[in-house]
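Visitor: I have a structure I would like to understand better, so I am pasting it below and will then ask my questions one at a time.
Computed from the coordinates by the stated procedures, all read-outs in this text should not be read as laboratory data. Small disclaimer: the values here were computed from a predicted structure and weren't measured. With ideal geometry, Cβ positions are generated from the backbone for all residues, glycine too; neighbour counts draw on all protein chains shown.
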């Protein structure tokens, strides 16, 4: 592979444009630091911009590709056998997003935008398509490399992040990258988080890899724990969103932040709270969590051991909060309060309410024999590492901690 230094002085322009036969094409000339080369630029199907050249001379192909790399274009030389000419040919093909990458020199991107303007004037691009595509080249797109995701804000305000691989190899790389972060595209049970969905391209049809809302939250959570690949993916998605507008980026940032506190709290810890005007001190001693499958529902059970103190006197509290999902997917939960508890049912309620407040639960409904909880309570509980781990969200972080601990031990022993 021939390499050149990053170009300092760059000029680029379009010449010999034609739209004959409804196939817009032209020559794109790139001149840099005294060297110049010409490439074919064309508008392909689905309005893809393609920069292309081919030659029977490998040395010439490598030199032209090196000049492209010198102006920031990711270009590789590939070989193909030309049947009609009975010979090998060397070629490079660069598509829209790679040519519009923000690493590509501005002069080259301007020339590509000029080609699109000529396509618009020739009537082969609609005004909306021209504005959208020209905007890519004018602003420059984040440079993703082999795996690229797009970000879009749907009409209902939801943020969508997806990619459309053109071939099985690109599809495999995208899926393997996400799985390498601990993301799941399948799982079983009512308390299952699917982080992405995927369909492999077949028979000329494009496939897709779509990151779910839970997947975006997981990326934000993992990035907040210091995972370098997750941080890279989060930052690249934010750059992609910024190109689409401030509101898109704001909504994406909100998704990334929703799980950042999940798994961040590990008992024991203490907190002072107020229940019905009474100040109480709560020490949460231990929290356990597991999934429990019944005949009709799968429950998430959270067992809490705590000590609640008031006026210098402490009482032990041991409670189980049981969460389940309704047929509509809404989260509901409950905690029993007992008349047989020390001080009776009212005292048991006061102590249980104090524990819930210490765990960050802000609201609930009181019934005669139980406290009823909503999804907001579970969101507060998810800050507890045992609860987060029981749902499989904190798994990757725990494995990372184990590997790091083992490494530190081996280093000390060595």
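Visitor: What is the distance in Å between the Cα centroid of segment 220-296 and that of segment 6-61?
Guide: Using only Cα atoms, the two centres lie 48 Å from each other.
Visitor: If contacts are Cα pairs under 8 angstrom and at least 6 residues apart, what is the relative contact order of segment 150-257 in percent?
Guide: Over segment 150-257, the number comes to 28 percent.
Visitor: Hey, could you get me the Stokes-Einstein D for segment 251-334, Kirkwood radius over alpha-carbon pairs, 4 °C and 1.567 mPa s, rounded to whole µm² s⁻¹?
Guide: The calculation lands on 83 µm²/s.
Visitor: Right, next: What is the spin-label model distance, in nm, from residue 110 to residue 199 if the labels are put 7 Å beyond Cα along the C-beta direction?
Guide: 4.2 nm
Visitor: Moving on. Roughly what angle does helix 344-358 make with the longest principal axis of the chain, taking Cα atoms, 0 to 90 degrees, to the nearest 10?
Guide: That works out to roughly 30 degrees.
Visitor: On a 0 to 90° scale, report how tilted helix 228-244 is relative to the longest principal axis of the chain, with both axes built from alpha carbons and the result rounded to the nearest 10.
Guide: Rounded to the nearest ten degrees, it is 70.
Visitor: Relative contact order for the chain: what is it in percent, counting Cα pairs under 8 Å that are at least 6 residues apart?
Guide: Rounded, it is 9 percent for the chain.
Visitor: Next question. Given springs between every Cα pair under 10 Å in a Gaussian network model of the chain, which of 181, 85, 378 has the largest fluctuation?
Guide: Looking only at 181, 85, 378, the biggest GNM fluctuation is shown by 85.
Visitor: I would also like to ask the following. In Å, what is the Rg of the alpha-carbon atoms in segment 3-126, and how long is Dmax?
Guide: Rg then Dmax for segment 3-126, in Å: 14.5, 41.
Visitor: Would you mind getting the Kirkwood hydrodynamic radius of the chain from its Cα pairs, rounded to one decimal in Å?
Guide: Taking every pair of different Cα atoms in the chain, averaging 1/r and inverting gives 25.8 Å.
Visitor: Any idea what angle helix 127-139 forms with the longest principal axis of the chain, computed on alpha-carbon atoms, 0 to 90 degrees, nearest 10?
Guide: Orientation of helix 127-139: about 80 degrees from the principal axis.
Visitor: Highest mean first, how do 152-162, 349-359, 256-266 rank when packing is the count of other Cβ atoms within 10 Å averaged over residues?
Guide: 349-359, 256-266, 152-162
Visitor: Alpha carbons only, please: Rg and Dmax for segment 150-257, in angstrom.
Guide: So, for segment 150-257, Rg and Dmax equal 13.8, 41 Å respectively.
Visitor: Same structure again: To the nearest 0.05, what FRET efficiency results for residue 297 and residue 374 with a Förster distance of 25 Å applied to their C-beta separation?
Guide: In this case the efficiency is close to 0.95.
Visitor: Another question about this same structure. Which residues among segment 211-246 fall inside the zone where the amide N is under 16 Å from a point 7 Å beyond the Cα of residue 162, along Cα→Cβ?
Guide: Of the residues in segment 211-246, 211-216 have backbone N under 16 Å from the label point off residue 162.
Visitor: For the chain, what does -39500 (n - 2.57) per DSSP helix run (n ≥ 4), summed and divided by total residues, give at 222 nm, in deg cm²/dmol to the nearest 500?
Guide: Counting only the DSSP helices, I get -11000 deg cm²/dmol.
Visitor: Using a simple spin-label model with points 7 Å from Cα along the Cα→Cβ vector, what separation in nm is obtained for residue 279 and residue 235?
Guide: 4.6 nm
Visitor: Taking 0.36 nm per residue of sequence separation and subtracting the Cα-Cα distance, how much length would be gained by fully extending the chain between residue 246 and residue 54, in nm to one decimal?
Guide: Stretched out fully, the residue 246 to residue 54 stretch lengthens by 65.0 nm.
Visitor: Now, a different point. Please tell me the relative contact order of segment 269-390 in percent, rounded to the nearest whole number, where contacts are Cα pairs under 8 Å and at least six residues apart.
Guide: With pairs under 8 Å counted, the relative contact order is 22 percent.
Visitor: Sticking with this structure for a sec: So what's the gap between the Cα centers of segment 62-106 and segment 135-188, to the nearest angstrom?
Guide: One Cα centre to the other: 23 Å.
Visitor: Can you give the FRET efficiency for residue 260 and residue 9, using 1/(1 + (r/R0)^6), R0 = 60 Å, r = Cβ-Cβ distance, to the nearest 0.05?
Guide: 0.85
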